[in-house]
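Inspection log for the structure reproduced underneath, given as structure tokens.
The values are calculated or read from the model by the stated rules, or taken from the named source; none is laboratory data. As the structure is a computational prediction, the values presented were derived from the model and not from experiment. Cβ atoms come from the backbone with ideal geometry, glycine included; neighbour counts cover every protein chain shown.
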Amino acid sequence: MDKILIEGGRSLKGQVRISGAKNAALPILVSSLLAEGSYTYSNVPDLKDVESIKQLLSNLGARAEAHGDKVHVDTGRILSYEAPYDLVRKMRASILVLGPMVARLQKARVSLPGGCAIGARPINLHLKGLAQLGANIILEHGYVQAEAKKLKGADIYFDTVTVTGTENLMMAAVLAEGTTLLRNAAREPEVVALAEVLNKMGADIQGAGTTVITINGVTSLKPVSVSIIPDRIETGTFMIAAALTHGDVTLVDCEPDHVGACIDKLRRAGVRISVHEKTIHVDGNDEIISVDVKTQPYPGFPTDMQAQFMVLMSIANGTSIISETIFENRFIHVGELKRMGADIKISGNTAMVKGVSGLSAAPVMASDLRASASLILAGLVAEGQTEVNRVYHLDRGYEAIEKKFSELGAAIKRVK
Ligand code: EPZ
């Protein structure tokens, strides 16, 4: 089990390149199941989750190989229609193969993803939508089996905004007969990126990025070569790292339009941020002021940035109220931050964070992807050496994080 050691107290300075977005790469790689042929995906981040989805595609008979930041996928020989438990339990996003497999192979058998640290994470809305498109759904032995001779367009409402639910049904609907409407759809940039790739493959999708997406079914699609958008959560994480350490950092190859809510909150917290095209400059020299935050579906403040922002608020001047409205158990990092000296009180889905003068280093345990990032951030400013255990959570979603931080001047290293 790797761990990461950080000597706190260094100001981050210099330039960091933002990698491709994990949550765009996963659905886009899976969309290759919709049409036979060879695909080239560029700017794909080198992450455990990308490895998992490549393994899942290979399991189904496709060939998926990485060459640097490019991934070549060939879906000429899809033999199986089953996504087994040992793969799905490692990564819930595997459920994304359900829609495209029913659309292309008329059949799919996917292990039900269990819950995870941050919540129960049901997929009822994925299944409800698929049934409305005409699929016959059977749940047994921990698997969902879906079959349909030919999916038919439907008018689908999402009770809750769901990112992968929107993506799964968008991919199911592109080859359906007739028109599908997805109402109360997710508006995340990763949903828009997937729609753009599907349209490049020959689909007819309008309205991605708004709450109503219209999909006119087509008879066939073709393979494409596309590039993955930058990761907005990695962008937010490095902006906060610069603010926390009173540093001076330039983020390049990012997409400022995708992090508007984070920039707004950081500016209100006293951080000087300037934006130029694909670059963001963060000057963290002023005092940090407490601001309140409530997580919301995009374009609101992202739940995937909540833990990282809480670290900044833990050393801010004042008291901040942080409300988590998306997941029911996404305060796991609070216990570890309190062991480092943070003053945080939880009541229901709200945390009251009273700024303290500084954090103190401690051995801490990562629990989920974004919580582990917040522990690294805390280690950057804590007095002494922080030891973060179970960093495999980090490797799922952050490419070479300790390398990027050490290039910015942090005293950070990974030990086996
Ligand atoms: C996506 O997860 C992201 N993962 C998550 O990022 C992100 O936190 C989340 O969206 C919210 O933005 C990927 O894109 C691979 P949801 P997803 O369906 O799609 C409820 C990370 O760190 N819900 O939008 O699984 C659900 O319980 C990960 O990169 C249902 O009730 O999340 C939750 O409360 C963590 N029924 C809410 O909707 C359903 O059928 C939002 O979940 C589906 C969801």
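Applying a threshold of 6 Å to beta carbon distances and a minimum spacing of six or more residues, or different chains, the list of pairs starting in segment 175-189 at a residue that is among the basic types (Lys, Arg) and ending at one that is more than 16 Å from the ligand (Cβ to nearest atom) and not in a loop (DSSP other than H, G, I, E, B) reads 183/212. For the residues 233, 156, 215, the requirement of being in contact (Cβ under 8 Å) with a residue 24 or more places away in the chain, in contact with a Gly (Cβ under 8 Å, 6 or more places away or on another chain), within 16 Å of the ligand (Cβ to nearest atom) and outside any helix (DSSP H, G or I) singles out 156. Within this structure, residue 18 passes the test of being in contact (Cβ under 8 Å) with a residue 12 or more places away in the chain, under 22 Å from the mean Cα position of the chain (by Cα) and within 20 Å of residue 230 (Cα to Cα). For segment 97-128, the set of residues classified as touching a Ser or Thr at 6+ places or on another chain (Cβ under 6 Å) and either modelled with pLDDT of 95 or more or near the ligand (Cβ under 8 Å from one of its atoms) (or both) consists of 125 only. Being surrounded by fewer than 20 Cβ atoms within 10 Å (Cβ to Cβ), touching a Cys at 6+ places or on another chain (Cβ under 8 Å) and of a type in the set (S, T, N, Q) is true for just one of 279, 350, 325, 319. Which residue is that? On inspection, the qualifying residue turns out to be 279. Restricting segment 328-347 to residues that are of a type in the set (A, V, I, L, M, F, W, C) and free of Cβ contacts under 8 Å to residues at least 40 places away in the same chain, the residue that is surrounded by the most Cβ atoms within 10 Å (Cβ to Cβ) is 342. Every test in (1) within 12 Å of the ligand (Cβ to nearest atom); (2) among the hydroxyl-bearing types (Ser, Thr, Tyr); (3) surrounded by fewer than 21 Cβ atoms within 10 Å (Cβ to Cβ) is passed by residue 94 save one, and that test is (3).
Looking at 73, 30, 16, just one residue is of a type in the set (Val, Ile, Thr) and either within 18 Å of residue 113 (Cβ to Cβ) or in contact with a Pro (Cβ under 8 Å, 6 or more places away or on another chain) (or both), and that residue is 30. Here the helices (runs of 4 or more DSSP H) wholly within segment 357-416 that include at least 2 residues being within 16 Å of the ligand (Cβ to nearest atom), under 20 Å from residue 316 (Cβ atoms) and touching a residue at least 12 places away in the same chain (Cβ under 8 Å) are 369-381.
Quick check: anything in segment 77-96 touching a helix residue (DSSP H, G or I) at 6+ places or on another chain (Cβ under 6 Å) and modelled with pLDDT of 95 or more? Yes, segment 77-96 has at least one match. The residues in segment 159-181 that are surrounded by fewer than 24 Cβ atoms within 10 Å (Cβ to Cβ), among the hydroxyl-bearing types (Ser, Thr, Tyr) and near the ligand (Cβ under 8 Å from one of its atoms) can be counted, and the count is 2.
Of all residue pairs spaced 6 or more apart or on separate chains, none has beta-carbon atoms under 9 Å together with a first member in segment 121-140 that is on the phi > 0 side of the Ramachandran plot and a second member that is polar (S, T, N, Q) and within 12 Å of the ligand (Cβ to nearest atom).
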